[in-house]
Amino acid sequence: MTPSPATNTEVQAAFSSTVRSICKATGWSLGEAWFPLPDLSALEHGMAWHDDSPDLSTFTLKSRGMSFPPGAGLPGRVWVSKQPVWVRDLAEDPGFLRAPLARESGLRSGVGIPIQTGEDVIAVITFFFREAADEEKRLVDLVSLAGRLLGSLIQAKMDESRARYEHRMDASCQLCGGVAHHFNNILTIVIGYGNLIQRNLREDDPVRKDVDQILAASWRAVALIKDLLAYCRKQSFDPKPISLNQVVNRAKESVERLFRAQIELETRLADEDLVVHADLSHMRRVLVDLTTNAVDAMPFGGKIVITTSSVRIDNRFIKEHGYGRCGEYALVTFSDSGIGMDEDVRKRAFEPFFSTKALGKGTGMGLSIVYGIVKQHDGFVGLSSRLGEGTTVSIYLPLAGPA
């Protein structure tokens with residue numbers, strides 16, 4: 001899991017600086033950046049810079065809530081064609097969907113430039129100016145060159161971010177695995193001697209309650225060690241061909257017991273039978289942990305949607321998302337309508353013991369266990385979330401033969 005261009009703060013800063021610099025150098029009044037959604041269904045508004053005109057503040061404010069599917073509007077056309085698109089007169093171009101808004105703001109012409117890493121368009125920047133003007137090819141070429149340089153910078157930043165994340169997770173896994181094994185050896189001694197003391201005490205001995213508490217706490221520590229080993233992919237593992245749809249259906253009753261009255265669960269299962277080579281108990285644990293996190297994120301109620309489908313991961317997917325391996329996969333998406341996460345929390349969500357809950361309200365192992373289990377199954381985990389917009393966890397498991 002690595003940040004996408006739309007959520008990476010360093011990338012956002014690079015776009016802001018580039019758009020502002022181009023506007024000031026050219027005299028163009030307004031510049032925007034549009035980023036693909038994770039499912040590549042549309043472009044969403046990412047950032048904007050404009051001069052001091054209050055009319056442009058209105059244009060920007062109203063544009064923020066918009067999105068453009070492939071081929072729609074100026075950003076969508078640039079996205080599909082992968083070429084600059086110049087619009088001489090916004091009011092007369094039937095493909096410019098914000099013509100009334102542009103007219104109110106005094107904008108007459110515009111140009112869209114693709115930002116690419118390799119063959120993939122990772123963003124579209126659009127610029128607007130107050131006079132109707134014919135295309136200035138030289139100027140477009142210069143801005144396109146700036147866009148290519150920005151694309152190279154973004155690719156380097158994303159590669160660096162991905163490498164840092166993988167290194168941090170691997171180091172964390174090694175550390176947790178070593179601590180878990182040593183801690184387990186100590187607990188074995190504590191529990192062993194505790195049991196010996198317990199056997200030699202009468203039922204009415206006042207010390208017995210203290211020993212019982214020591215043993216209960218020790219067994220809770222053993223459970224935590226199992227969670228650590230799950231994160232480190234070192235726990236027992238018994239994979240068999242199982243139907244993912246059946247796992248979701250059977251787990252549905254179990255997880256609904258975790259709900260409050262105001263929470264609704266909806267499942268949208270694939271028509272085909274999705275068979276994966278997996279440990280059944282581990283898959284159930286994944287669903288339970290995701291449900292627990294979702295319920296905690298919806299203190300005033302909300303909705304959980306579990307979806308299954310089949311997908312193909314290709315090189316474009318890997319480049320876009322920063323993870324994966326080419327092949328056919330079963331995809332489980334687990335979405336909630338909760339409070340969501342900011343960027344700092346999202347980047348650390350899979351780290352063991354990281355938690356936003358108050359002290360004593362959780363171990364912070366929920367999502368890290370999900371990460372460890374999925375990795376042990378040769379799968380991949382994606383996470384998308386924004387404050388106030390809920391969270392979606394995407395789990396990719398290699399498809400197997402018939403169950």
Do you know which of the residues in the stretch 71-86 that are part of a loop (DSSP other than H, G, I, E, B) and open to solvent by 70 Å² or more (accessible area, probe 1.4 Å) is farthest from Phe127 (Cα to Cα)? Lys82
If only one of Val276, Val332 is over 15 Å from Ser394 (Cα atoms), touching a residue at least 24 places away in the same chain (Cβ under 8 Å) and open to solvent by less than 20 Å² (accessible area, probe 1.4 Å), which one is it? Val276
Output the qualifying pairs, or none if there are none: Cβ atoms under 7 angstrom, residues six or more apart or on different chains, first residue in the stretch 66-83 and over 12 Å from Gly112 (Cα atoms) and at pLDDT 95 or above, second residue of a type in the set (Lys, Arg) and assigned to a loop (DSSP other than H, G, I, E, B). none
Would a scan of the stretch 181-197 turn up a residue that is farther than 15 Å from Gly372 by Cα, modelled with pLDDT under 75, surrounded by 13 or more Cβ atoms within 10 Å (Cβ to Cβ) and of a type in the set (A, V, I, L, M)? no
For Ser281, the lone unmet condition from (1) within 26 Å of Pro398 (Cβ to Cβ); (2) buried (at least 16 other Cβ atoms within 10 Å of the Cβ) is (2)
Within the stretch 28-52, the count of residues that are open to solvent by 50 Å² or more (accessible area, probe 1.4 Å), out of contact with any helix residue (DSSP H, G or I) (no Cβ under 9 Å at 6 or more places or on another chain) and either at pLDDT 90 or above or β-branched (Val, Ile, Thr) (or both) comes to 0
Quick one: Thr58 ticks every box in (1) under 16 Å from Ala42 (Cβ atoms); (2) among the β-branched types (Val, Ile, Thr); (3) open to solvent by 10 Å² or more (accessible area, probe 1.4 Å) bar one, so which box is it? (1)
Single residue of Arg138, Arg108, Arg130 found to be farther than 16 Å from Gly31 by Cβ, modelled with pLDDT of 85 or more and open to solvent by 10 Å² or more (accessible area, probe 1.4 Å): Arg138
Are there any pairs, at least 6 apart or on different chains, whose C-beta atoms fall under 6 Å, with the first in the stretch 35-54 and in contact (Cβ under 8 Å) with a residue 12 or more places away in the chain and the second loosely packed, with under 14 Cβ neighbours inside 10 Å, and if so, which? His45/Arg64
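The values are calculated or read from the model by the stated rules, or taken from the named source; none is laboratory data. The structure presented is a predicted model; accordingly, all values stated were derived computationally and were not measured. Quick reminder, even Gly has a Cβ in these numbers, built from the backbone with ideal geometry, and neighbours come from all protein chains shown. Heads up: the accessible areas ignore ligands, DNA and RNA and are worked out on the full protein's heavy atoms, side chains in. Shrake-Rupley method; radii C 1.70, N 1.55, O 1.52, S 1.80 Å.
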